[in-house]
Amino acid sequence: SMVACKQTYIVYMNAAHRTEAHPTHAHWYEAHLRSLSIDPARHLLYSYSAAVHGFAAVLHPEQLPLLRRHPAVLNVHPDPLLPLH
Amino acid sequence: TTRSPHFLGLSPWPPAPSSRSHSLDPAAAATDVVIGVLDTGVWPESPSFDDAGLPEVPSRWRGACEAGVDFPSSLCNRKLVGARSFGRGYRAAAGGGDADKPREEYASPRDRDGHGTHTASTAAGAPVANASLLGYASGVARGMAPGARVAVYKVCWANGCYGSDILAGIDKAIEDGVDVLSLSLGGGSAPFSRDPVAVGAFSAVQRGIFVACSAGNSGPSPSSLTNTAPWITTVGAGTLDRDFPATVQLGNGERYAGLSLCSGAGLEDQMVPIVYGKGVQVGSNSSKFCMPGTLDPEQVKGKVVFCDRGINARVEKGQVVKEAGGVGMILANAAVNGEELVADSHLLPTVAVGAKSGNLIRDFVRTSSNPTAMLSFRGTVLGVQPSPVVAAFSSRGPNTVVPQLLKPDLIGPGVNILAAWSGSVGPTGLAKDERRSAFNIMSGTSMSCPHISGVAALLKAAHPDWSPSAIKSALMTTAYTDDNTGSPLVDGAGGSPATPWAYGSGHVDPQKALSPGLIYDIGTGDYLAFLCSLEYSTDHIQAISKSTNKTCSRRLPNPGNLNYPSFSVVFGRRSRRFVKYNRVLTNVGVPGSVYNVKVGGPPGVKVTVKPTKLIFNQVGQKLRYKVTFTSTKAGDPVDMAFGWITWSSEQHQVRSPVSYRW
């Protein structure tokens, strides 16, 4: 059932929380996920830098509160499906 | 695009020697401009992406041609300067068992749908002589900016476009260095912070990239708009002055005008029995819509089938009739579609008819003991009047996300547009359609959006220092609202005059947009003040703007105070009988320009503009004016009205629509 509940989320981050220890945004996002015991190799889809500060990841529902509580996280939204016009 | 350059007043191709100095000469313009198209990919072998005659790719370009399935990187050239695909969001949603290979899709920028090839070639396709679909709409097909470069970002897959893939595409397009972004997709009316198109577009505009998005195809329902963020140019759709007429002649001698893209070979000049609702399920209406598996072959074989529009795809109805043994189809609009006819390349001879004709033909079939019909086809006609007509399907205001912002911004050609097509799918897009055509005719705000993107590329080339909002202002304030008969633009949904909730500022006029005289410019700080006025949380504003510390020290007194080229006035029910907006105009014309204001408004609203005259001594000078809208009547929440504010000089008219709600 955990697999069935898995969903992609777009996570918006506050770059003020990125320290010099992270040379790139991607490095920072990966470290952030690892700090929450989320394996970026399995969960991280995209690391964004130019369009937004944030990333897209496939997450389990129980991982969301953990993520949302972190002060570096601004918003977490489900990945919407948009139609062509 | 064999007609729209002419319809838009763009220079012919190739340009005549005498017009070489023309300011919107596509041969000279826009070769330094890159249009990024986020869509279903590209069919790079299309002649629309031939790079003959184009100079080297601008050295500043950082994009790449990513190799993938059936897509070697050598397929890019000086026209198609970039191609990437983003499918991780799609694959994750699809279950991701085999995470590296999307099912039923090319894991590459190759377009197996056709939509992306169509939109990319509409924006900046190279000229292709003798283009047509089965002989229809023949001519030289070309993008609106045939000199511009195209970079394709495939973010849409079999079931649509995931936000995570769209954001990845925008992310890369910004890094690559595109100048214009064209997105013919979107959905819903979520707050901007939840809309990846709005969020990604904010960063793009912040970097000076012009972003055009389609308004949606959910018209004529009110409040059906998508992509309404003020930093986006929201594009609705109108018709060209081109038609594909056909006729239905009934056995009683009555004739009804319709539309068809079919040759009608083997059917023309024959009276054929016609049937309606001859289904296999007693009591079901499904056969009236020609749903799959619902027609009774015994009653349909060798006959013309009358089908109601709705529920399933139009082209699927044709396939259903053909598979049941029908020899032709009459496809009738529902009341909601009105008399607007959309061309499809059906698998069998078909005539599409409007709702009124459809009702009469349906009655004939139901009441006649031995009903017959003859279908005839007249090919392509040009110079149709009236045109443009606002497409019935084009999404409408009012704007529910920010009621104080008038959307859509403008309309462009989006009905029955011929442009390049994928080589892996037939013109209907159906799996059973084994026909192949280098071009296809499609309708939608998807088609109008790249028209505007291409025109924006021409403006960007002519005015490299203009901001995205300046380009948008130029497009909007010079748009026209009368059709080619001199009458106000008509709404295809009912035949009555259309309103700014359907067409925004009007229909694009590229030549006038080149020289607007004045512009309403908006900077990033203004957009942030706008977001603060929406009472969004700090977290949401920071997420949209990428700010690390947004305190909303500056906020607009009302979101409608954004320096936008149009106005949306919302009066309160009791207390708020007047609304005040400020605007700043920047002179992009000549020194010494004098503008006087004219106001056109509905009864029941008093409009006061101060000052009424603006004298611009210098180019680049900014002058402010205030406008007060006072409701002199008690309004009802369903009340709406429209008016205009126009600043006129000897050379220019800078026109803004105003919508009113109570």
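Computed from the coordinates by the stated procedures, all read-outs in this text should not be read as laboratory data. Keep in mind it's a predicted model, so treat the numbers as computed, not measured. For neighbour counting, all protein chains shown are included, and Cβ atoms are generated from backbone atoms with ideal geometry for every residue, glycine included.
Remark: the residue B:45-residue B:221 segment gains 59.4 nm on full extension, using 0.36 nm per residue and subtracting the alpha carbon distance. A Förster radius of 22 Å, combined with the Cβ-Cβ distance separating residue B:598 from residue B:621, puts the computed FRET efficiency at roughly 0.55.
At q = 0.17 Å⁻¹, what base-10 log of I(q)/I(0) does the Debye formula yield for region B:518-662 when every alpha carbon is treated as an equal point scatterer in vacuo? Taking Cα atoms of region B:518-662 as identical point scatterers yields -0.99. Take the Cα coordinates of region B:318-458, assign each an equal point scatterer, and use the Debye formula without solvent to give log10 I(q)/I(0) at q = 0.14, 0.18 Å⁻¹. The calculated log intensity ratios at q = 0.14, 0.18 Å⁻¹ are -0.88, -1.26. Computed on chain B, with alpha-carbon pairs under 8 angstrom and 6+ residues apart, the relative contact order is 14 percent.
When cysteine pairs in chain B are screened for C-beta atoms closer than 4.7 angstrom, the residues that find no partner are B:213, B:262, B:449.
Only Cα pairs under 8 Å and 6+ residues apart enter the sum, and on that basis the relative contact order of chain A stands at 46 percent. Starting from the amide H of residue B:238, placed 1.01 Å from N in the peptide plane, find each other amide H under 5 Å away whose residue is 5 or more places distant or on another chain. Hits under the 5 Å cutoff: B:391, B:412, B:414, B:415. Which pairs in the list B:460/B:546; B:472/B:606; B:288/B:432; B:79/B:172 are over 24 Å apart, alpha-carbon to alpha-carbon? B:460/B:546; B:472/B:606, as the Cα separations exceed 24 Å there. Here r is the Cβ-Cβ distance between residue B:480 and residue B:336 and R0 is 35 Å; the resulting FRET efficiency, rounded to 0.05, is 0.80. Taking amide H as placed 1.01 Å from N in the peptide plane, residue B:125 has its amide H under 5 Å from the amide H of B:143, B:144, B:145, each at least 5 places away in sequence or on another chain. Taking the Cα centre of the protein assembly as shown as origin and assigning +1 to Lys and Arg Cβ atoms and -1 to Asp and Glu Cβ atoms, the resulting dipole is close to 2160 debye. Here the contact order of region B:350-481, divided by its residue count and restricted to Cα pairs under 8 Å and six or more residues apart, works out to 17 percent. In order along region B:135-143, phi translates into HN-Hα couplings of x, 7, 6, 6, x, 8, 8, 7, x Hz, rounded to whole numbers, per the Karplus curve 6.51 cos²θ - 1.76 cosθ + 1.60 with θ = phi - 60° and x for Gly and Pro. The largest-to-smallest principal axis extents of the Cα set in chain B are 76, 62, 57 Å. Per residue of chain B, the DSSP helices (runs of n ≥ 4 H) give a summed -39500 (n - 2.57) that works out to -5500 deg cm²/dmol at 222 nm. Note on residue B:382/residue A:36: beta-carbon distance plugged into 1/(1 + (r/R0)^6) with R0 of 60 Å gives a FRET efficiency of 0.45. Annotation: extensible slack from residue B:252 through residue B:511 equals 88.2 nm (criterion: 0.36 nm per residue apart, minus Cα-Cα distance). Hey, what does the equivalent ellipsoid look like for region B:157-262, semi-axes from the Cα gyration tensor as sqrt of 5 times each eigenvalue, largest first, whole Å? After diagonalising the Cα gyration tensor, the semi-axes are 39, 15, 13 Å.
Here the label points at residue B:548 and residue A:64, each 7 Å from Cα along the C-beta direction, are separated by 3.0 nm in the simple model.
Rounded to whole numbers, the Karplus 3J(HN,Hα) couplings from phi for region B:426-437 are x, x, 7, x, 6, 4, 7, 7, 8, 5, 10, 9 Hz, using 6.51 cos²θ - 1.76 cosθ + 1.60 with θ = phi - 60°, and x at Gly and Pro.
Normalised by 2.2 N^0.38 Å, where N is the number of residues, the C-alpha radius of gyration of the protein assembly as shown stands at 0.97. Karplus-derived 3J(HN,Hα) values for region B:442-457, using 6.51 cos²θ - 1.76 cosθ + 1.60 with θ = phi - 60°, are 9, 10, x, 5, 4, 7, 6, 4, x, 4, 5, 4, x, 5, 4, 5 Hz; glycine and proline are entered as x. Against the empirical 2.2 N^0.38 Å (N residues), region B:185-336 has a Cα radius of gyration ratio of 1.45. For B:442, B:271, the sequence from fewest to most other C-beta atoms within 10 Å is B:271, B:442. Rg to Rh ratio, region B:363-445, alpha-carbon atoms and Kirkwood radius? Here Rg/Rh amounts to 1.12. Would any residue of region B:60-90 have its amide N under 16 Å from a label point 7 Å out along Cα→Cβ of residue B:158? List them or say none. Residues passing the 16 Å test: B:87-90.
Across the options B:475, B:453, B:515, the greatest Cα extent toward the positive end of the charge dipole of region B:430-525 (unit charges at beta carbon of Lys, Arg, Asp, Glu) belongs to B:453. In this structure the amide hydrogen of residue A:75, modeled in the peptide plane, comes within under 5 Å of the amide hydrogens of A:12, none closer than 5 places in sequence on its chain. Dipole size of region B:514-622 about its Cα centre, with +1 on Lys/Arg Cβ and -1 on Asp/Glu Cβ: approximately 580 debye, rounded to the nearest 20. Once you put a point 7 Å from the Cα of residue B:577 and another 7 Å from the Cα of residue B:369, both along the Cβ direction, what distance in nm separates them? Reported label-point gap for residue B:577 and residue B:369 is 7.1 nm.
Relative to the longest principal axis of the Cα atoms of chain B, the long axis of helix B:468-477 lies at roughly 70 degrees. Across all C-alpha atoms in region B:226-303, the radius of gyration and Dmax reach 19.5, 57 Å. The distance linking region B:174-207 with region B:530-558 is 18 Å (Cα centroid to Cα centroid, whole angstrom). Per-residue Cβ neighbour counts within 10 Å put B:88, B:149, B:624 in the sequence B:624, B:88, B:149, beginning with the fewest.
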